Amino acid sequence: MNRESLASAMAQERRWKSKPSQTSKTSLVMAFFSCVAWLYVAGRLWQDAENRTLLSNLLNKNLSQRPKSLTVEDKLTVLGCKDLSRRIVEAEMELTLAKSRGYLGNKRRENGSNKRLLAVIGVYTGFGSRLKRNVFRGSWMPKGDALKKLEERGVVIRFVIGRSANRGDSLDRSIDEENRVTKDFLILDGHEEAAEELPKKAKFFFSAALANWDAEFYVKVDDDINIDLHGLTEILESRSAGNDTYMGCMKSGDVINEVGKQWFEPDWWKFGDEKSYFRHAAGSLLILSRNLAQYVDINSASLHTYAHEDISVGSWMMGLEATYIDDNRFCCSSSRQDKVCSLA
């Protein structure tokens, strides 16, 4: 009996000793998780406080940078700037108009005189046309001292040519050498002498001629016609008082829209359903007065060129108050006895 009571008492004592051990472990676990939770909440609260501080600073900064209300003086300053800008634009437009009417700055021109010439005649030529040039020099075109005397009377004649696609090659050197001897070339350094570039040649010619000579008229001539120089100068002298004059053998014609055909016009669709060119001076001989040549020079960068040079020049005249003079004496293939040009 005593043994059983002793065993029972020892077992009960062990149970009592084990319960506090289990309770302490549970308490430690709970305490740990409580600490973690407290740290998490504290971190979030700290982060929210940081965000609120940052947003508050940004808001204050933006408020400080808001534009203030304009005073009367500020508004007057703005209006003054706008008025000054408008005046600058108007001045630029007036300057362009003045240039187009001949009020250019003093430039050093080749003739070295303040007296205005009657005409500058540019004879288009190419690298393979030396024989033609020599024929002209022995016929209607003076050479040497006779060419200089003609210039003293107010008429300048020059062969007009661009540069080779391979700048400085034998073609360019040959022209330079010929010019050193004859001194009768106007070399267009910015123009490439090629068949496909021919429509652009007029821009370079008029610009270069204006830069070198101050004349009443600028005449473009092909190298396959002969000129009655006396008859041409008489006509020009009779017209010298007129401004904005566009002279030549006026014509029009069908627009060729089939690729591969002669005279094909890539911009054929611009000429309407009738597919007919507007009135223009034939390319063999066309004449622009000083004002019109200056218009081409000033606006050369924005002027469109078509497949043919005479069409291109005619298109530039379309939007201007130009006086068209259609004179049969400029029709080189006509049968008139008093014509000033004929096929060579």
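The residues on offer are LEU236, LEU232, and the sole one that is under 29 Å from ARG158 (Cα atoms) and touching a strand residue (DSSP E or B) at 6+ places or on another chain (Cβ under 6 Å) is LEU236. Based on what the data block shows, is ALA282 among the aliphatic types (A, V, I, L, M) and at pLDDT 95 or above? Spelling it out, it is not the case that ALA282 is among the aliphatic types (A, V, I, L, M) and at pLDDT 95 or above. Restrict the check to the range 163-185 and report whether at least one residue is closer than 18 Å to SER300 by Cβ and either among the hydrophobic types (A, V, I, L, M, F, W, C) or touching a residue at least 60 places away in the same chain (Cβ under 8 Å) (or both). Within the range 163-185, none of the residues are closer than 18 Å to SER300 by Cβ and either among the hydrophobic types (A, V, I, L, M, F, W, C) or touching a residue at least 60 places away in the same chain (Cβ under 8 Å) (or both). For LEU150, state whether it is more than 30 Å from GLU265 (Cα to Cα) and assigned to a helix (DSSP H, G or I). Here the answer is yes, as LEU150 does meet what is asked. The residues listed here are ARG290, ARG336; of these, the one that is open to solvent by 60 Å² or more (accessible area, probe 1.4 Å) and among the basic types (Lys, Arg) is ARG336. Scanning the range 208-221 finds one or more residues that are charged (D, E, K, R), at pLDDT 95 or above, more than 21 Å from LYS115 (Cβ to Cβ) and in contact with an Asp or Glu (Cβ under 9 Å, 6 or more places away or on another chain). With the requirement that a residue be open to solvent by less than 50 Å² (accessible area, probe 1.4 Å) and part of a helix (DSSP H, G or I), what does the range 230-255 give you? GLY231, LEU232, THR233, ILE235, LEU236 - these are the residues of the range 230-255 that are open to solvent by less than 50 Å² (accessible area, probe 1.4 Å) and part of a helix (DSSP H, G or I). Against the criterion of being modelled with pLDDT of 95 or more and either open to solvent by 70 Å² or more (accessible area, probe 1.4 Å) or in a helix (DSSP H, G or I) (or both), ARG173 qualifies. Annotation: ALA281 fulfils all but one of (1) within 26 Å of ALA344 (Cα to Cα); (2) out of contact with any Pro (no Cβ under 9 Å at 6 or more places or on another chain); (3) assigned to a helix (DSSP H, G or I); the unmet one is (3).
Condition check ((1) open to solvent by less than 40 Å² (accessible area, probe 1.4 Å); (2) polar (S, T, N, Q); (3) touching a Ser or Thr at 6+ places or on another chain (Cβ under 8 Å)) across all residues:
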residue: ASN257; (1), (2), (3): no, yes, no
residue: LYS270; (1), (2), (3): no, no, no
residue: SER276; (1), (2), (3): no, yes, yes
residue: HIS280; (1), (2), (3): yes, no, yes
residue: GLN294; (1), (2), (3): yes, yes, yes
residue: HIS308; (1), (2), (3): yes, no, no
residue: VAL313; (1), (2), (3): yes, no, no
residue: ILE325; (1), (2), (3): yes, no, yes
residue: CYS331; (1), (2), (3): yes, no, no
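Cβ separations smaller than 7 Å between residues 6+ apart or across chains give the following pairs from the range 323-344 residues that are among the aromatic types (Phe, Trp, Tyr) to residues that are in a strand (DSSP E or B): TYR324/TYR246; TYR324/MET250; PHE330/MET247; PHE330/GLY248; PHE330/CYS249; PHE330/LEU285; PHE330/CYS341.
Any residue at all in the range 194-211 that is over 24 Å from GLN337 (Cβ atoms), in contact with a Gly (Cβ under 7 Å, 6 or more places away or on another chain), open to solvent by 20 Å² or more (accessible area, probe 1.4 Å) and among the hydrophobic types (A, V, I, L, M, F, W, C)? Scanning the range 194-211 turns up at least one residue that is over 24 Å from GLN337 (Cβ atoms), in contact with a Gly (Cβ under 7 Å, 6 or more places away or on another chain), open to solvent by 20 Å² or more (accessible area, probe 1.4 Å) and among the hydrophobic types (A, V, I, L, M, F, W, C). Mind listing just one residue for me: the one in the range 257-278 that is of a type outside the set (Phe, Trp, Tyr) and outside any loop (DSSP other than H, G, I, E, B) and, of those, farthest from ASP326 (Cα to Cα)? So, considering only residues that are of a type outside the set (Phe, Trp, Tyr) and outside any loop (DSSP other than H, G, I, E, B), the one farthest from ASP326 (Cα to Cα) is LYS270. Of all the residues in the range 202-229, those that are under 20 Å from the mean Cα position of the chain (by Cα) and part of a strand (DSSP E or B) number 0.
The values are calculated or read from the model by the stated rules, or taken from the named source; none is laboratory data. Since this is a predicted model, take the numbers as computed values, not measurements. Neighbour counts run over all protein chains shown; Cβ positions are idealised from the backbone, glycine included. Protein only, heavy atoms only, side chains kept; ligands, DNA and RNA dropped before computing areas. Shrake-Rupley method; radii C 1.70, N 1.55, O 1.52, S 1.80 Å.
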